[in-house]
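Everything below concerns the one structure shown next.
Values in this text are rule-based calculations from the coordinates and carry no lab data. For clarity, every value in this text was computed on a predicted model and none was experimentally measured. Here the Cβ is made from the backbone with ideal geometry for all residues, glycine too, and neighbour counts use every protein chain on show.
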Amino acid sequence: MAKLIHTMIRVRDLEASLRFYREVLALTPSHRLDFPDFSLVYLRNAEADAEIELTWNQGRQEPYTHGDGYGHVAVVVDDVSARHAELVQAGHGPLPVKEFKVGDTLLARFFFILDPDGYKIEVLETHGHYH
């Protein structure tokens, strides 16, 4: 069987990205590989088996484009409203909390937030399928 180990995204400002992922998702470097013209930094926390790999190409000035294929990375938290309020207070500017329902049945409570390179992160409340 295959096991998901990481998702890679390219970042323009490595320090800004490290700060964002630490403050917003409590992800910190677990492994780092520095080469002459690029670095790979793997982020994780105790809650996750998989990592996010930040790829930083030194000297890159222009923003990366996401095309129409990238969707989002998703994480779960125990209380979406509380986490949303904390991120607003910290100045991270998450989008509004939304609910996804079928009739009166709640399927998901979530919000999106953008990292420094504009990648969407979906923050879901632990519920039903999302745990």
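A few comments on the model shown:
- Amide hydrogen neighbours beyond the local backbone of L27, cut-off 5 Å, H modeled: R22
- Phi to ³J(HN,Hα) by Karplus 6.51 cos²θ - 1.76 cosθ + 1.60 over segment 116-123, Hz, x for Gly, Pro: x, 9, x, 6, 7, 10, 9, 10
- Relative contact order, percent, the chain [alpha-carbon distance under 8 Å, six or more residues apart]: 22 percent
- Whole-percent pair-distance distribution, where bins are 10 Å wide, for the alpha carbons of segment 1-95: 14, 42, 36, 9, 0
- MRE, 222 nm, helices only [DSSP H, n ≥ 4, -39500 (n - 2.57), over the chain, to nearest 500]: -5000 deg cm²/dmol
- Amide H to amide H, with H built 1.01 Å from N, A74 comes under 5 Å of E122, counting only residues 5 or more places away or on other chains.
- Remark: the chain carries a charge dipole of roughly 80 debye about the Cα centre, counting +1 on each Lys and Arg Cβ and -1 on each Asp and Glu Cβ.
- Acute angle (nearest 10 degrees) that the helix 80-89 long axis makes with the longest principal axis of the chain, alpha-carbon atoms: 50 degrees
- Relative contact order of segment 1-77, defined on C-alpha pairs under 8 angstrom at six or more residues apart (%): 33 percent
- Local electrostatic count at I52 - Lys and Arg +1, Asp and Glu -1, tallied over other residues with Cβ under 11 Å: -2
- Relative to its Kirkwood radius, the Cα radius of gyration of segment 39-131 gives an Rg/Rh of 1.01.
- Using a Förster distance of 41 Å, the FRET efficiency for T105-S30 (Cβ separation, nearest 0.05): 0.60
- For G91, neighbours were defined as the other residues whose beta-carbon sits under 13 Å from its Cβ, and their charges (Lys and Arg +1, Asp and Glu -1) total -1.
- Note that segment 93-109 has calculated 3J(HN,Hα) couplings of x, x, 6, x, 5, 10, 10, 10, 10, 10, x, 9, 8, 6, 9, 7, 10 Hz, one per residue in order, obtained from phi through the Karplus relation 6.51 cos²θ - 1.76 cosθ + 1.60 (θ = phi - 60°); glycine and proline are x.
- 3J(HN,Hα) from dihedral phi, segment 51-58, Karplus parametrisation 6.51/-1.76/1.60, rounded to Hz, x for glycine, proline: 10, 9, 9, 8, 10, 10, 8, 4
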